[in-house]
There are 2 protein chains.
Amino acid sequence: MARQLHLGAFMRPVSIHTGAWRYPGATRDGNFNLKAISHYIRKLEQAKFDYFFMADHLGVLNLPREALMRSHTVTSYEPFTLLSALAGATSQIGLVATASTTYDEPFHVARRFASLDHISGGRAGWNVVTTSNPDSSRNFGMDTQPDHAERYARAHEFYEVVTGLWDSFADNAFVMDAESGIYFDPDRMHTLDYKGERFSVRGPLNIARPVQGWPVIFQAGASDPGRQLAAETAEVVFAAESTLEGSKSYYDDVKGRAVKAGRNPDLIKIMPAVFLVVGDTVEEAKAKRAKLDSLVHYDSGIHSLSGMLGHDVTGYDPDGPLPEIPESNASKSSRRFMVELARAENLTIRELAAKAGSYGGLAFVGTPETIADEMQNWLEQGACDGFTAMFPYLPEGLEDFTDKVVPELQARGLFRSEYEGDTLRDHLGLPRPANAFFPDE
Amino acid sequence: MARQLHLGAFMRPVSIHTGAWRYPGATRDGNFNLKAISHYIRKLEQAKFDYFFMADHLGVLNLPREALMRSHTVTSYEPFTLLSALAGATSQIGLVATASTTYDEPFHVARRFASLDHISGGRAGWNVVTTSNPDSSRNFGMDTQPDHAERYARAHEFYEVVTGLWDSFADNAFVMDAESGIYFDPDRMHTLDYKGERFSVRGPLNIARPVQGWPVIFQAGASDPGRQLAAETAEVVFAAESTLEGSKSYYDDVKGRAVKAGRNPDLIKIMPAVFLVVGDTVEEAKAKRAKLDSLVHYDSGIHSLSGMLGHDVTGYDPDGPLPEIPESNASKSSRRFMVELARAENLTIRELAAKAGSYGGLAFVGTPETIADEMQNWLEQGACDGFTAMFPYLPEGLEDFTDKVVPELQARGLFRSEYEGDTLRDHLGLPRPANAFFPDE
């Protein structure tokens with residue numbers, strides 16, 4: 001069989017697009033509409049998606065009043081409580097949550113993902129992130145955020161502790177022999193006793209090994225330390241380049257780093273995040289996107305742009321070019337993306353703000369056929385192993401994709417028509433990791 | 001209508017009793033049996049219980065190998081992921097989780113409870129605890145645990161931050177006006193900017209005010225600072241005295257402290273935890289309990305006793321009396337309870353260990369009629385506002401209570417036959433708190 005795509009969904013309750021809640025027919029109260037979110041995930045499961053990923057923030061985003069009041073991201077469910085509730089509404093699709101390594105404890109994080117994996121029958125995935133929003137750090141007692149290198153060093157150590165804790169028990173530890181009164185074999189329990197530069201965690205984790213051994217490790221790293229962390233640890237990566245050539249180069253770089261780190265590169269799935277707008281004609285799709293983008297107010301766009309650049313650009317002439325932007329502590333990938341876009345398309349700050357506010361990243365806008373063509377081309381050119389889909393507004397933008405594009409991909413043999421297993425690792429073709437402390441079982 | 005009891009359930013997935021998993025017919029794999037736990041909570045909801053409380057530990061309990069291998073508490077779901085999943089299996093019963101103030105961040109805790117409250121339609125409760133298990137502290141980078149007074153001072157400040165964060169938005173903040181593009185009114189959002197001795201938290205919480213305003217505040221405090229914290233903050237208290245006289249005194253003390261703190265004492269429900277064993281005759285009930293207690297190994301009992309006393313008593317003569325036990329950093333209530341029990345009943349260490357291992361606290365063991373008599377007497381004597389039920393083994397011990405004792409209580413008019421509302425506050429007769437920052441809405 002020809003190589004197939006993997007497909008995930010990158011979700012916010014209302015959509016990742018700032019203007020989405022204003023789109024005609026959109027579910028503007030999606031943030032606390034569990035019925036609506038359950039509908040979305042069921043549609044994605046019916047379409048045989050690999051996973052449902054709920055994006056997250058650790059605070060109200062740092063926007064000035066004029067932009068903030070227009071944002072639907074200030075309120076939504078916490079991901080673990082939401083995904084656990086959605087586990088009961090589904091039976092096969094993967095459930096992926098972000099947990100930041102910057103402001104949490106590895107013991108808590110290990111435990112919640114292990115529990116979600118048990119509750120869902122092996123469908124949990126952990127998006128390992130470092131948090132760079134300065135307004136998050138102030139919710140956790142820090143006036144300044146740790147710098148980029150320190151955040152990544154902490155992330156790496158955090159990952160070591162969490163995965164070590166997941167291996168606290170051999171699968172056959174729990175003998176539950178009522179006759180002798182022995183509930184488990186203590187020789188089949190491992191006490192981690194981790195002592196590193198940043199963490200000291202004794203263990204064991206008070207939870208049996210997850211169904212999947214380890215929940216699947218996700219990352220979005222695009223900076224050099226981000227790529228390196230992904231190459232060493234990630235099983236799914238959804239960083240996105242805006243061009244096919246850029247993505248091929250990214251793909252080769254991360255898989256090459258993985259080989260150098262001693263890993264099998266087939267076990268890292270590169271699944272760029274892509275914004276998808278489907279129409280019956282290309283013109284209709286473009287008109288939908290233009291309509292959606294027009295619903296983003298300039299006050300929102302200019303502050304989104306400042307956020308992505310890590311530099312306040314509200315003071316510059318909106319109709320002039322983007323000046324040189326100094327390095328900052330912000331996400332390096334979004335900064336680089338916007339600067340390159342401004343140079344390549346010779347955009348004014350106003351034009352760039354419109355793109356920043358309305359999602360400036362990789363987008364496929366077209367018919368089911370043209371979108372399938374693009375996805376097929378990216379796959380065949382070695383630019384990806386699949387895509388992490390972002391929908392423009394809900395439910396219609398999602399249903400356009402599941403009801404029209406997925407059948408086209410299936411007809412081409414590019415996407416599964418049935419799940420072949422019940423766990424997220426099954427969908428992704430990833431093996432269950434051996435237990436580091438009980439390798440022989 | 002005569003005053004009625006409130007009833008909650010204090011649960012562990014296998015039971016709170018060390019020998020429970022060995023009892024004939026018990027669900028010994030209850031720790032990861034979501035179907036079984038869903039059955040328990042549905043039975044409790046059919047019986048119109050106020051709440052389902054899932055107890056928790058932040059580590060594998062600090063027991064020597066011989067005791068540890070016999071314990072079913074080393075592994076189970078994490079409470080938030082579990083209760084969120086159970087929210088979908090139920091529609092009215094309250095969902096109460098422990099979150100420790102010792103090793104977590106108030107922003108995370110505020111967010112998870114607010115989310116559980118939204119997901120469940122207003123059924124969340126927070127059991128505010130300080131953590132005194134030294135093996136927990138080593139899972140969070142601390143070689144020693146903070147002392148008793150510091151733990152309570154931190155708990156108090158933690159509570160201030162969490163409740164402050166819950167009030168981040170006025171109920172009518174989210175105008176979602178697509179026409180003007182204004183999603184919410186920033187004048188209806190409050191930035192907490194909390195700066196205390198132990199916490200510095202900016203806020204606002206990135207989640208709308210919980211359905212109940214605040215999830216219901218639970219506590220078990222029995223020590224002097226524990227009682228004071230309960231009197232100032234708790235809405236349900238489940239500390240238990242072992243005698244009716246002791247409980248009356250406790251009841252009067254905590255309600256008196258509440259009055260001094262300026263609170264309405266009717267809005268603190270004292271619901272002692274009670275271990276319940278039901279038989280068709282008193283003799284049968286006692287035989288069930290004796291059978292259950294006999295399933296606790298001496299190796300378990302002696303270490304449970306050491307744990308409760310905060311002092312290693314494995315070296316003393318098992319058949320001699322309990323010597324003077326020095327003060328320690330352990331929970332003061334369990335230490336005092338065991339010491340008083342040893343003196344009052346003139347028990348040997350072996351006898352005391354059997355009680356410690358098999359649950360030594362308040363127990364009603366009898367027929368539906370005698371248990372209803374005891375409950376009625378406690379209520380009428382002013383020793384409680386209801387009970388937090390603990391079941392000896394599952395499912396039978398729970399079903400004995402819901403199917404036999406609850407109908408007896410209902411027949412006497414002592415317990416509801418239908419819910420009168422849909423939120424936990426409705427069941428408990430507690431008002432929705434006013435928003436501290438938007439009092440007029």
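Just so it is clear, none of the values below were taken in a lab; they were calculated from the coordinates. Predicted model only: the values in this text are computed from it and were never measured. In this analysis, Cβ positions are derived from the backbone assuming ideal geometry, glycine residues included, and neighbour counts consider all displayed protein chains.
The table for this structure:
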{"quantity": "GNM result for chain A, Cα springs below 10 Å: residue of A:SER328, A:SER242, A:SER132 fluctuating most strongly", "calculated": "A:SER328"}
{"quantity": "Shielding by partners, peptide B:202-210 (average Cβ within 10 angstrom, other chains)", "calculated": "6"}
{"quantity": "Gyration tensor (alpha-carbon) shape descriptor, the stretch A:5-132, a/c threshold 1.5", "calculated": "oblate"}
{"quantity": "Three-way shape call for the stretch B:164-231 based on the alpha-carbon gyration tensor, with the a/c threshold at 1.5", "calculated": "oblate"}
{"quantity": "For B:ASP253, inter-copy label distances in nm, listed shortest first [label point 7 Å out on the Cα-Cβ vector]", "calculated": "6.6"}
{"quantity": "For chain B, calculated [θ]222 nm from helices alone, where every DSSP H run of n ≥ 4 adds -39500 (n - 2.57)", "calculated": "-11500 deg cm²/dmol"}
{"quantity": "Residue exposure sequence - B:ILE217, B:ILE371, B:ILE16, A:ILE325 - by fewest surrounding Cβ within 10 Å", "calculated": "A:ILE325, B:ILE16, B:ILE217, B:ILE371"}
{"quantity": "Distance between modelled label sites at A:GLU327 and A:ASP224, nm, 7 Å Cα→Cβ extension", "calculated": "0.9 nm"}
{"quantity": "Cα-Cα over 21 Å, subset of B:LYS248/B:LYS288; B:LYS43/B:LYS291; A:LYS288/A:LYS404; B:LYS260/B:LYS332; A:LYS48/A:LYS255; A:LYS43/A:LYS255", "calculated": "B:LYS248/B:LYS288; B:LYS43/B:LYS291; B:LYS260/B:LYS332; A:LYS48/A:LYS255; A:LYS43/A:LYS255"}
{"quantity": "DSSP beta bridge pairing in the protein assembly as shown, given as percent antiparallel to the nearest 5", "calculated": "15 percent"}
{"quantity": "Additional length obtainable on full extension of the chain from B:SER249 to B:MET176, 0.36 nm per residue less Cα span", "calculated": "21.1 nm"}
{"quantity": "Cα gyration tensor of the stretch B:71-213 - equivalent ellipsoid semi-axes, whole Å, descending", "calculated": "31, 22, 11"}
{"quantity": "Most fluctuating residue given options B:GLY310, B:GLY125, B:GLY246, as computed from a GNM of chain B linking Cα atoms under 10 Å", "calculated": "B:GLY246"}
{"quantity": "Label-point separation in nm, B:ASP193 to A:GLN381, each point 7 Å along Cα→Cβ", "calculated": "5.2 nm"}
{"quantity": "Protection-proxy order for peptides B:148-156, A:84-92, B:112-120, B:430-438, each taking the mean of Cβ atoms within 10 Å per residue, highest first", "calculated": "B:112-120, A:84-92, B:148-156, B:430-438"}
{"quantity": "The stretch B:192-239: GluC sites (Glu not before Pro) in DSSP loop, at most 13 other beta carbons within 10 Å", "calculated": "B:GLU197"}
{"quantity": "Approximate shape of chain A as ellipsoid semi-axes (Cα gyration tensor, √5λ), whole Å, largest first", "calculated": "36, 26, 21"}
{"quantity": "Approximate spin-label separation B:GLN46-A:SER91, in nm, with each point projected 7 Å along Cα-to-Cβ", "calculated": "2.3 nm"}
{"quantity": "Inter-copy separations for B:THR314, label at 7 Å along Cα-Cβ, nm, ascending", "calculated": "6.4"}
{"quantity": "Mean Cα-pair separation over length for chain A, i.e. relative contact order, pairs under 8 Å, 6 or more apart, %", "calculated": "23 percent"}
{"quantity": "Dipole magnitude (debye, nearest 20) for chain A, charges at Cβ of Lys, Arg, Asp, Glu", "calculated": "500 debye"}
{"quantity": "DSSP bridge orientation in chain A - percent antiparallel, rounded to nearest 5", "calculated": "15 percent"}
{"quantity": "Least to most buried among B:SER358, A:SER304 (fewest other Cβ within 10 Å first)", "calculated": "B:SER358, A:SER304"}
{"quantity": "Residues of the stretch B:110-139 with amide N under 16 Å of a point placed 7 Å along Cα→Cβ from A:SER38", "calculated": "B:116-123"}
{"quantity": "In degrees, nearest ten, helix B:106-119 long axis to first principal axis of chain B (Cα)", "calculated": "90 degrees"}
{"quantity": "Values of log10 I(q)/I(0), in the order q = 0.12, 0.13, 0.14, 0.23 Å⁻¹, for the stretch B:247-308 under a Debye, Cα-only, solvent-free model", "calculated": "-0.60, -0.66, -0.71, -0.91"}
{"quantity": "Proximal charge balance of B:LEU362 [Cβ under 11 Å; K/R count +1, D/E count -1]", "calculated": "-2"}
{"quantity": "Per principal axis, descending, Cα span of the protein assembly as shown in whole Å", "calculated": "89, 65, 46"}
{"quantity": "The stretch A:297-357: C-alpha gyration tensor shape, a/c 1.5 cut-off, then a/b vs b/c", "calculated": "rounded"}
{"quantity": "Choice from A:LYS286, A:LYS404, A:LYS35 showing the highest fluctuation, given a GNM over chain A with Cα pairs closer than 10 Å", "calculated": "A:LYS35"}
{"quantity": "The stretch B:229-383 - Debye-derived log10 I(q)/I(0), Cα point model, q = 0.16 Å⁻¹", "calculated": "-1.00"}
{"quantity": "Within the protein assembly as shown: Cβ-based charge dipole about Cα centre, in debye rounded to nearest 20 (Lys, Arg +1; Asp, Glu -1)", "calculated": "80 debye"}
{"quantity": "For residues of A:86-93, the mean tally of beta carbons on other chains within 10 Å", "calculated": "2"}
{"quantity": "Shielding of A:176-183 by partner chains, average beta-carbon count, 10 Å", "calculated": "6"}
